[in-house]
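Data first, discussion second: the structure below is written as structure tokens.
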Amino acid sequence: MRYAFVGLGHRAQMYIDALLGQWSDTGEIVALCDANRTRLDYYLDLIGRDVPCFAPEKFDEMLELADAIVVATVDAAHARYVIAALDAGKDVICEKPLCTTAEDCAAIVEAAERSTGRLVVTFNYRYSPRNSTVRRLIAEGAIGDVTSVHFEWVLDTIHGADYFRRWHRDKASSGGLLVHKSTHHFDLANWWLDDTARSVYAQAALRFYGADNARARGLDERPERAQGAPGLGTDPYLLDLSADPRLKRLYLDAEHEDGYIRDQDVFGEGVTIDDNMAVLVRYARGALLTYSLNAHGPFEGYRVAFNGTGGRLELEVVERAWTPPHAAIDPTAASKEHAVGASERLVLHRHWSEPEEIAIDAGAGAHGGGDALLLDDVFRGAGDDPLARQAGHLAGVASVMIGVAAGLSATSGEPVLLDDGIRPAG
Ligand SMILES: NC(=O)c1ccc[n+]([C@@H]2O[C@H](COP(=O)([O-])OP(=O)(O)OC[C@H]3O[C@@H](n4cnc5c(N)ncnc54)[C@H](O)[C@@H]3O)[C@@H](O)[C@H]2O)c1
């Protein structure tokens, strides 16, 4: 299989490393597309040989060289590449979120339906053993029919803050966290329940990051960016790009080309996304979901509880127990190097029975072995896939549309109805 890449930033590396390493027998890297030559050069050095490079406006020419395209650009640019690749009959491996608007969702569904190519959305959280175990238990009927779900996700001031430093902070680029981040969580809920949303109501607010909140809390005199700022090295919100060779090469050394500033102040002007979100969803088969996302927690993790006709299932996960008060930590390395106090607990409460703690089989490697399982499905094929972990275009669209509907609802104050889980009603 010949793989070409569009979007050669941080995330592309997982796939490039895979094709250079454990999955090298499954295909080769034949072309790269990005507007930033410095980032392209970083990847050419990694690959260790010359590979044709294309500017974004030459993407269609690149398609001729490849059988499959890996899309890892900024979120709002996914749809254009996904649709062009599908229309050329290519397979597509797309990072989450599949896209950011209802219009792009509809256009991708049409393109996928007329294409001979296959689209995979890489929802890596599905592959985390604890999340797979939840899916299996619910599918086996361990708690009967699910009647409601309570799902809370907390991002800490290492990970959550990072969305307020760069393009994610602009709703037009990321769709806001209800799309960019919650696509993972809505996809998990959809997949766990094996159902699609019918009605969505939401409230959202920017309460912590951004210039207005900083002023209200007396945090005046903030620098526009971390690089060169007086507090660099001690302020936990100022990320020092020069301290990490990879961040330096990918972003600091590359910014002269396109003005992409990776370390903007999280308390600066221009933040158009929210950091506190509350969403109510009603599913087609009747289950109710209450969901919340907070992006400035003192720890990172999530809690989800399923109520069913036969009992209740509770998963409690701490991915990082606390955030140290010193200089900002590289959020892209944080999950590996700073996962202090990580824990997980899955408990099954059946009616009339003592609670049962369920063992979770964690494998080797990142995310409890989940990343390796995902990459296996992507590059070797999903095979029988009894948990239906590999996600296609409909799953990608279904999760984006809950986020889009939630964003509309938060703005209008009205619930938003979804016809078939993927299209706005009416
Ligand atoms: N599944 C996960 O856990 C996970 C983790 C990180 C990122 N992601 C996803 O991966 C994607 C990339 O994120 P990232 O952190 O690597 O971002 P990044 O900013 O590091 O990289 C984005 C790259 O896209 C390029 N780009 C920007 N606009 C473009 C355009 N119009 N055409 C072509 N290239 C363009 C930029 O030059 C940059 O090289 C996002 O969609 C993000 O949601 C997923």
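Of the strands (runs of 3 or more DSSP E) lying entirely inside region 103-205, those carrying at least 1 residues that are within 16 Å of the ligand (Cβ to nearest atom) are 119-121, 146-156. Applying a threshold of 6 Å to beta carbon distances and a minimum spacing of six or more residues, or different chains, the list of pairs starting in region 11-38 at a residue that is of a type in the set (Val, Ile, Thr) and ending at one that is in a loop (DSSP other than H, G, I, E, B) and within 13 Å of the ligand (Cβ to nearest atom) reads Thr38/Asp253; Thr38/Ala254.
Of the candidates Arg165, Arg80, the single residue that is open to solvent by less than 20 Å² (accessible area, probe 1.4 Å) and more than 27 Å from Leu373 (Cα to Cα) is Arg165.
Just one of the numbered conditions (1) at pLDDT 95 or above; (2) under 27 Å from Ile16 (Cβ atoms) is not true of Ser335: (1). Here Cys99 meets the list (1) out of contact with any Pro (no Cβ under 9 Å at 6 or more places or on another chain); (2) of a type outside the set (Val, Ile, Thr); (3) surrounded by fewer than 23 Cβ atoms within 10 Å (Cβ to Cβ); (4) not assigned by TED's automatic domain parsing to the domain that holds Tyr291 almost entirely, failing just condition (3).
Please enumerate the residues belonging to region 277-289 that are over 20 Å from the mean Cα position of the chain (by Cα), of a type outside the set (D, E, K, R), surrounded by fewer than 18 Cβ atoms within 10 Å (Cβ to Cβ) and at negative phi. The answer is Leu280, Ala284, Leu288.
Before we move on, is Val51 more than 8 Å from the ligand (Cβ to nearest atom), assigned to a loop (DSSP other than H, G, I, E, B) and either surrounded by 21 or more Cβ atoms within 10 Å (Cβ to Cβ) or of a type outside the set (Asp, Glu) (or both)? Criteria met by Val51. Within region 61-77, the set of residues being surrounded by 15 or more Cβ atoms within 10 Å (Cβ to Cβ) and assigned to a helix (DSSP H, G or I) comprises Met62, Leu63, Asp75, Ala76, Ala77. Of the residues making up region 249-267, those that are open to solvent by less than 30 Å² (accessible area, probe 1.4 Å), more than 10 Å from the ligand (Cβ to nearest atom) and touching a helix residue (DSSP H, G or I) at 6+ places or on another chain (Cβ under 6 Å) are Asp263, Val266, Phe267. Against the test of being within 20 Å of Leu374 (Cβ to Cβ), basic (Lys, Arg) and either within 15 Å of the ligand (Cβ to nearest atom) or part of a loop (DSSP other than H, G, I, E, B) (or both), the options Lys58, Lys96 yield a single qualifying residue, Lys96.
The values are calculated or read from the model by the stated rules, or taken from the named source; none is laboratory data. Small disclaimer: the values here were computed from a predicted structure and weren't measured. Cβ: placed from backbone, ideal geometry, glycine included. Neighbour counts: every protein chain shown. Remember, those area values only see protein heavy atoms, side chains included, never the ligands or the DNA or RNA. Shrake-Rupley method; radii C 1.70, N 1.55, O 1.52, S 1.80 Å.
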